[in-house]
Amino acid sequence: MVFDLRAMLLRKGEFESARLDDFEFRQRVRNVRLFAARRGVDAAPLLAKIALGDDEKLLAGLLEGLSEGEADVLTRDWFAARADAYRELVEELGDPTPIRMA
């Protein structure tokens, strides 16, 4: 029997990609939920927009028509919620850094 290093590396790459994609999606959802709670709004309409684009597009849509001061507060709330979401997920799931092969 021969050890197939290539096959093992492909499996590892698929596993790591899936794990990181899962972490990223969970972070996006939790970010929106924490942001909505921070702003006192319903999260459902914002969660529906996650599938339509990335976070930058979602944030840009939220910033449309706001004054500079309001936009600064909203942006600060967005990134604070994002940091909280990351911290909570690391506590729950562990560090998302890819697992290195020894």
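The values are calculated or read from the model by the stated rules, or taken from the named source; none is laboratory data. Predicted model, so just to flag it, every value in this text is computed and none were measured. Cβ: placed from backbone, ideal geometry, glycine included. Neighbour counts: every protein chain shown. Only protein heavy atoms, including side chains, enter the accessible area calculation; ligands, DNA and RNA are left aside. Shrake-Rupley method; radii C 1.70, N 1.55, O 1.52, S 1.80 Å.
What the table shows:
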| read-out | value |
| --- | --- |
| Residue in region 74-90 that is assigned to a helix (DSSP H, G or I) and of a type in the set (Val, Ile, Thr) present | yes |
| Residue list for region 62-71, filter: touching a Leu at 6+ places or on another chain (Cβ under 9 Å) and not in a loop (DSSP other than H, G, I, E, B) | LEU62, LEU63, GLU70, ALA71 |
| Of all residues in region 88-102 being under 14 Å from ASP22 (Cα atoms) and of a type outside the set (S, T, N, Q), the one that is most open to solvent (accessible area, probe 1.4 Å) | GLU92 |
| Exclusive hit being hydrophobic (A, V, I, L, M, F, W, C), surrounded by 15 or more Cβ atoms within 10 Å (Cβ to Cβ) and closer than 24 Å to THR97 by Cα, set LEU74, LEU5, LEU34, LEU58 | LEU34 |
| Criterion violated by ALA85 - all others in (1) of a type outside the set (Val, Ile, Thr); (2) surrounded by fewer than 11 Cβ atoms within 10 Å (Cβ to Cβ); (3) at pLDDT 95 or above satisfied | (2) |
| Qualifying residue in region 61-68 (condition: surrounded by fewer than 11 Cβ atoms within 10 Å (Cβ to Cβ), closer than 27 Å to ASP95 by Cα and of a type in the set (Asp, Glu)) | no |
